[in-house]
Amino acid sequence: MIKYHPQQELLSLHIKGELPLSMSLAISAHAEMCSICQQKLNALTESETVNVFDNDVESNISVDIDSQMSTLLAQMMQNTLDDLDAKPAEAYIEGVTEVTVKDQSYPLPRAFRHQIKAQWQGIGKVSRLRLDTGEEHARASLLHIAPQGEIPEHTHKGSELTLLLAGEFSDEYNTYKPGDFMLLDENHQHSPKTMTGCLCYTIVDAPLYFTKGFSKLLNPIGELIY
């Protein structure tokens with residue numbers, strides 16, 4: 001059962017198209033896994049549509065709705081037919097439907113299927129695959145932790161979003177299941193670990209700050225590895 005969900009404000013910004021791509025991908029992927037948030041997004045979409053329509057009416061925009069809709073639908077249909085004729089079949093491939101890491105394959109939410117263009121990199125039980133979202137500071141990645149693996153204890157110089165896609169992991173706060181959506185900041189310090197392995201989607205906008213043991217030696221090069 002999913003315990004952690006995006007805040008209502010994030011859902012609203014997502015519907016309005018006001019989130020950066022990295023966060024929008026996270027919301028879309030979470031909604032694929034969470035019927036509760038999908039219903040909320042549907043309701044917000046309907047509400048936003050009504051608001052836009054009402055604003056048009058209040059602005060005294062006088063249109064012949066039936067005529068305009070008929071024309072619009074005809075144009076959309078023709079454009080669709082033109083696109084089907086013009087584009088090769090390869091253009092409609094659904095993208096990467098699963099990823100394989102450490103001999104384990106994981107199905108991907110549809111939101112990520114056209115974002116997978118890099119290769120896995122990592123050390124030991126932790127592997128990462130970068131997603132190119134075109135953002136200057138935020139780093140979006142698929143993060144895999146193999147069974148019995150963990151990320152050393154750290155805090156955050158900025159914010160960190162984690163969406164658990166498969167498997168399980170736990171930290172000082174809780175145990176997480178697929179679909180859980182967690183936002184942490186500099187007020188949180190934790191050491192995620194997994195017994196059976198997990199695949200996550202993560203976004204960080206500043207380097208992690210390691211706080212314990214030999215991992216503290218990584219802090220001087222944090223800008224290069226986050």
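The alpha carbon centroids of the stretch 3-20 and the stretch 123-139 are separated by 22 Å.
Using every pair of distinct Cα positions in the stretch 87-181, the Kirkwood expression returns a hydrodynamic radius of 15.2 angstrom. Between HIS5 and PHE181, the built amide H atoms are under 5 Å apart, and every one of these is 5 or more places off in sequence or on another chain.
Cross-linked pairs LYS157/LYS212; LYS3/LYS177; LYS3/LYS125; LYS3/LYS40: Cα-Cα separations exceed 20 Å for LYS3/LYS125.
Amide H to amide H, with H built 1.01 Å from N, LEU131 comes under 5 Å of ALA140, SER141, LEU142, counting only residues 5 or more places away or on other chains.
Each residue of the stretch 104-117 is assigned a 3J(HN,Hα), and the resulting list reads 10, 9, 10, x, 9, x, 4, 4, 9, 5, 10, 10, 8, 9 Hz, derived from the Karplus form 6.51 cos²θ - 1.76 cosθ + 1.60 (θ = phi - 60°), x at Gly and Pro. Over all pairs of different C-alpha atoms, the stretch 143-187 has a mean inverse distance whose reciprocal, the Kirkwood radius, equals 11.6 Å.
Bear in mind that the values in this text are calculations on the coordinates, not laboratory data. In this text, all values refer to a predicted model and were calculated from it rather than measured experimentally.
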